[in-house]
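Undergrad: Dumping the structure here so I can ask a few things about it.
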Amino acid sequence: MPLQNRVTPTGDIIATPHRGLFTGNRGIIHDPATKTLLKKRWASETWIVCVREFRGARREPMGGRSWTELFFLDEATAFAAGHRPCFLCRRADANRFRSAWETGNGGKALKAKEIDRKLHRERLDRGKKRLHPPRVPIDQLPEGVMIQDGADSFLVARGRTLLWSPAGYVETDRSPQHAMVLTPPSIINALAAGYRPLLHPSAGQ
């Protein structure tokens, strides 16, 4: 059986055999003896998205009392859930992200903790996923933003919307009319300022 370690755009953590392009973590939120999640869904304000391979290190998911390995379909999914690039294993991407963040949100030479603190306020509402009203029409949102319409999540890509699934994005005739935005506003500002997230191949990037 697959472990419960795959993050959805809403920030929920599900069990699925599809691993995705990235890993990441929110601190230690699992029991290594049973390889199951604890009741809490984060142990830190530092929610990061990492590469799956770094310096040849091999990790057994949920195998020890270290950080809990989570997986994401792609970077847009991680952003929607409220994660940001890791400054250790993705230093170049993280620096590009910080530069775009500062351009879009203001600030200079920001520390990662300052970004994390703002993101934590934007991604959660009394412990649950915070949804944001769109500030512009859906088709004018930056590439890589994700929205929620009912129970479904959608990626905005090249002015169209693609339905999210654990296996990838799906073309759909459905046009979300009353969607709320999943991606935190400060990340949207970074995307509008030029940061380009890595999307799953099914998005046709």
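Undergrad: Quick check: the distance between the Cα centres of the stretch 84-102 and the stretch 20-69, to the nearest angstrom?
TA: Between the Cα centre of the stretch 84-102 and that of the stretch 20-69, the gap is 20 Å.
Undergrad: Can you pull the percent of the chain's accessible area that's carbon plus sulfur, 1.4 Å probe, other chains left in place?
TA: Exposed carbon and sulfur together represent 51 percent of the surface.
Undergrad: Only helical DSSP H runs with n ≥ 4 go in: add -39500 (n - 2.57) per run for the chain, normalise by residue count and round the 222 nm mean residue ellipticity to 500 deg cm²/dmol.
TA: -6000 deg cm²/dmol, from helical runs alone.
Undergrad: Can you check what the net charge comes to around G63, using other residues whose Cβ is under 15 Å from the Cβ of G63 (Lys, Arg +1; Asp, Glu -1)?
TA: Result for the neighbourhood of G63: +1.
Undergrad: Name the residues whose placed amide hydrogens come within less than 5 Å of the amide hydrogen of I29, ignoring near sequence neighbours (fewer than 5 apart) on the same chain.
TA: Placed amide hydrogens put T68 under 5 Å from I29.
Undergrad: Then there is this: Residues of the stretch 6-49 with amide nitrogen under 19 Å from the 7 Å Cα-to-Cβ point of R65?
TA: The answer is 26-44.
Undergrad: Can you give the percent of C-alpha pairs in the chain whose distance is more than 31 Å?
TA: That fraction is 14 percent.
Undergrad: Can you count the Lys pairs in the chain whose Cα atoms are under 20 Å apart, with each pair 8 or more apart or on different chains?
TA: Close lysine pairs found across the chain: 7.
Undergrad: Give the accessible surface of the chain per residue, rounded to a whole number of Å², with probe radius 1.4 Å and ligands, DNA and RNA excluded.
TA: Averaged over the residues of the chain, the accessible area is 50 Å².
Undergrad: Using DSSP to call loops (not H, G, I, E or B), can you name the chymotrypsin sites (Phe, Trp or Tyr not before Pro) in the stretch 35-72 whose Cβ has at most 16 other Cβ atoms within 10 angstrom?
TA: In loop regions of the stretch 35-72 (DSSP not H, G, I, E or B), the sparsely surrounded chymotrypsin sites (Phe, Trp or Tyr not before Pro) are F54.
Undergrad: Report the residue, chosen from A192, A43, A100, that carries the largest GNM mean-square fluctuation when the chain is represented by alpha-carbon nodes joined by springs under 10 Å.
TA: In the Gaussian network model the winner is A43.
Undergrad: Let me ask something else. In Å, the Kirkwood hydrodynamic radius of the stretch 130-203 over pairs of distinct alpha carbons?
TA: 12.3 Å
The values are calculated or read from the model by the stated rules, or taken from the named source; none is laboratory data. The model shown is predicted, which means the values in this text are computed figures rather than measured ones. As a convention, Cβ positions derive from the backbone with ideal geometry for all residues, glycine included, and neighbour counts pool all protein chains shown. The accessibility values were calculated without ligands, DNA or RNA, using every heavy atom of the protein model including side chains. Shrake-Rupley method; radii C 1.70, N 1.55, O 1.52, S 1.80 Å.
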